[in-house]
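Student: Provided herewith is a single structure, encoded as C-alpha cells, for subsequent inquiry.
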Amino acid sequence: MPYFKKINFRIIINLLGILLLLNSLFMLLCVPISLYFEEDAYKGILYAGLVTAVAGLTAYLSTRKANKNVGKREGYLIVGLGWISMAFFGSLPYLFVMPQLSAEVQQINNINLTNAVFETVSGYSTTGASILQDIEIMPKGLLFWRSLTHWIGGMGIIVLTIAILPLLGIGGMQLFVAEAPGISADKLHPRITDTAKRLWLIYMAFTVIEFILLKIFGMGWYDAANHAFSTLSTGGFSTKNASIAHWNDNPAVQYIIILFMFLAGTNFVLNYYIFKRKFKKVFSNQEFLFYVGIIIVLTMISTTIVHLYADPGNTTITHPGVGFNYLGERYFELEEAFRHSLFSIISVITTTGFVSADFSQWTPFLTIIFFAMMFMGGSAGSTSGGVKIVRHVILMKNSYSEFKRLIHSRAVIPVRYNNKAIEPKIVFNVLAFFMIYMLIFIFGSIILSFLDSGLDPDINEFASTLSVTASSLGNVGPALGKYSPVNNYAGMTDSAKWFSAFLMLLGRLELFTILILFTPAFWKK
C-alpha cells in the first residue's frame, strides 16, 4: 500500500526552503570578497545568491504552517533532497559568473551545467575532484565559494540547521541520525541541538586556528582562509594549480595542514575531549589507536621507499629539497620523503585529497597501497568520507571471533569494541554496509568504464576507472592513471561526470540514506 499520503511533504518543503536560505547567505558572503579584489564576478555571485534566496523564501513561506513533526521517512527525504537541491542551486554561481569572463578563460575552464554540478557536488561532498584546468585564472570570489562549499558540506549544513530548529519549533533528531557521518552514537550532550552546536563550535574553532597559523607561517589571508575551509572539511580544493605542492619550499605550511587534516579525520567527540583535556578517553579509544597506528606504519614504509627509490624527476610537481646520490641521480632527501609520505597518507586516509607530490609515481608497490587506502576512510564522527576505520575494526574483530566460534561452537562470543560488547544489529549493519559498498564499487566501476572509456581496448583505462570509482565513492578526490593527483577530471565524458557525482553523493551520505529512498519498503506502510 503506497505511503505517500502519510509522508509530511509540507515540512519537507519547509525545511528545504530553510536550507536554501542558509545556502544563499553563504553565497552572499562571497560578494564582498569579489568586491575586495575588484572583480566583475560579484554580479554573478550576487544574482545566484538572490535567486537561491527567493526560491528558499518561497518554499518556506508557502509551508510555514506545516505540521512540525519530522519522522524517519521525512528525515531521509529532507537529507537526500536537501543535498540534491543544494547541488543544483550551489552550481548557479559558476553558471552566472562564467559568461562575464574572457573568452580565453571560458575556453580553458569550460563550465557548462554538467561541469558546474560536478564541481558543486564535489565541493559539498568534500570530494575535491575538479574539472578546472587552470584554477589560478578564475575569479577569487568564485574560488572562495568553491572552498566554502567544502566547509558547508564538511560537518553538514543540516547539522547546522538542527542547531537552530528549536527557534522554529521543529525537532531535529531524525535529521541528525540521517546526516551524522559514521556509526558512532556518542553525543556530547543529551539534547541533539546542543550536540550540533558543540560540533560546529569545535569545527569553527579549528578553522580559525588553522587560518591564523597558516597566515603566520607565510600564506596570504585569502589562501589561508580557503585552505582552512578545505582542510577541516577534508575536502581538498586549493586556490593553486599545484595544490599544496605550491608551498613545497615552506615545510611549516605543509606540517600545519598535516596536523589539521589529522584532527579533521578524528572523531569530533574525541576532539571535544581534547579541548576538555580528557586525554584518557582519547587514548583508550580503539578506533583512534588504529587510526594513529596505521598512519605511523604506512608513513615509515612509504618514507623508506620514497627516500631510497622514488625519483622526483618522474613528477610534474617541483621539489626544492631533492638531493643527488653518488651516481648523480636525483632522490628525495629524508625529511622531504618523510613529509610528503606523511602528507599523502593522511590526505588519502582522511579523504582530504590535497597534493604535495604525485604519489602515483612512487613505485607500483606504493601505488597499490594508496589505492587500498581509498577504501579506508577516517574516523566515524569525523568530516572524512570512506568506509570509516571503526567499520574495519569491527569487521576484523568479528572475523577473529568467528575463529573462536568454530572451536567453541556452543559459546556465546560477542564482538567487543572499547571493552564493551557490541549489539549484533550493529555488527550486521557493518557487514551489510561493507558488502553494499563493495558491490557498488564493482558495478560502479563497470558502469563508469563504459560511460568514460566505451569500448576502448587500452588496458591503461582499467586503473583509471577503478581508482575514479573508489575515489568518488570514498570522497577522496585524486585518483590514478589519467586522473592522477597532478591531473583533473575535465577529460571525463559528461555522462561519466554525472555518474561520478552520484557516487560522491552516495558516499558522503553513507549509502543507506540515499539507497533507502529506492526501496519499495520506504514507500509502503
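Student: Can you flag which of Lys197/Lys524; Lys281/Lys420; Lys280/Lys404; Lys197/Lys276 are past 25 Å Cα-Cα?
Tutor: Where the Cα-Cα span goes over 25 Å, the pairs concerned are Lys197/Lys524; Lys280/Lys404.
Student: Starting with the highest mean, order 336-347, 128-139 by the number of other Cβ atoms within 10 Å, averaged over the residues of each peptide.
Tutor: 336-347, 128-139
Student: Which of rounded, prolate, oblate describes segment 368-410, given a ≥ b ≥ c as roots of the alpha-carbon gyration tensor eigenvalues and a/c under 1.5 marking rounded, otherwise prolate only if a/b is larger than b/c?
Tutor: Note, shape of segment 368-410 comes out oblate.
Student: In addition: Which listed residue (Leu298, Leu448, Leu509) has the Cα farthest towards the positive end of the charge dipole for the chain, taking +1 on Lys and Arg C-beta and -1 on Asp and Glu C-beta about the Cα centre?
Tutor: Checked the options; the winner is Leu509.
Student: Hey, if you put +1 on the Cβ of every Lys and Arg and -1 on every Asp and Glu Cβ in the chain, which of Ser379, Trp151, Trp498 ends up farthest toward the positive end of that dipole?
Tutor: The residue sitting farthest along the positive end of the dipole is Ser379.
Student: Further question on the same structure: Return a whole-number percent for the relative contact order of the chain, with Cα pairs under 8 Å and 6 or more residues apart as the contact set.
Tutor: Once divided by the residue count of the chain, the mean separation gives 16 percent.
Student: Can you give the charge dipole size of the chain about its Cα centre, rounded to the nearest 20 debye, using +1 on the beta carbon of Lys and Arg and -1 on the beta carbon of Asp and Glu?
Tutor: 3260
Student: Just rank Lys397, Lys388, fewest to most, by other beta-carbon atoms within 10 angstrom.
Tutor: Lys397, Lys388
Student: Report the charge-dipole magnitude of segment 341-464 in Debye, nearest 20, computed about the Cα centre from +1 at each Lys and Arg Cβ and -1 at each Asp and Glu Cβ.
Tutor: With Lys and Arg at +1 and Asp and Glu at -1, about 1140 debye.
Student: Now a separate question. Please label the shape of segment 469-525 as rounded, prolate or oblate, based on the square roots a ≥ b ≥ c of the eigenvalues of the alpha-carbon gyration tensor (a/c under 1.5 means rounded; beyond that, a/b larger than b/c means prolate, else oblate).
Tutor: Details: a/c = 4.84, a/b = 2.46, b/c = 1.97.
Prolate is the answer for segment 469-525, as a/c is 1.5 or above and a/b outweighs b/c.
Student: Show the residues, 5+ positions off or on another chain, whose built amide H is closer than 5 Å to the amide H of Asn267.
Tutor: Ser379
Student: Quick one: of Lys72/Lys425; Lys140/Lys482; Lys6/Lys425; Lys140/Lys497, which pairs are farther than 20 Å apart, Cα to Cα? The partial results should precede the final answer.
Tutor: Working: Lys72/Lys425 18 Å; Lys140/Lys482 28 Å; Lys6/Lys425 28 Å; Lys140/Lys497 25 Å.
The answer is Lys140/Lys482; Lys6/Lys425; Lys140/Lys497.
Student: Using the count of nearby Cβ atoms within 10 Å as a rough guide to exposure, how do Leu334, Leu439 rank from fewest to most? Display every interim value, and only then the final one.
Tutor: On the way: Leu334 15, Leu439 10.
By the 10 Å Cβ count, ascending: Leu439, Leu334.
Student: Using the Cα centre of segment 229-287 as origin and beta-carbon charges of +1 (Lys, Arg) and -1 (Asp, Glu), tell me which of Phe283, Asn241, Leu259 is placed farthest towards the positive end of the dipole.
Tutor: Working it through, the farthest residue towards the positive pole turns out to be Phe283.
Student: Let's see if you can work this out: charge +1 on each Lys and Arg Cβ, -1 on each Asp and Glu Cβ, no other charges. What is the dipole magnitude of segment 18-141 about its Cα centre, in debye to the nearest 20?
Tutor: The dipole magnitude comes to about 940 debye.
Each value in this text was obtained by applying a stated rule to the coordinates, not by laboratory testing. Everything numeric here is computed off the predicted structure, so don't read it as measured data. Cβ atoms come from the backbone with ideal geometry, glycine included; neighbour counts cover every protein chain shown.
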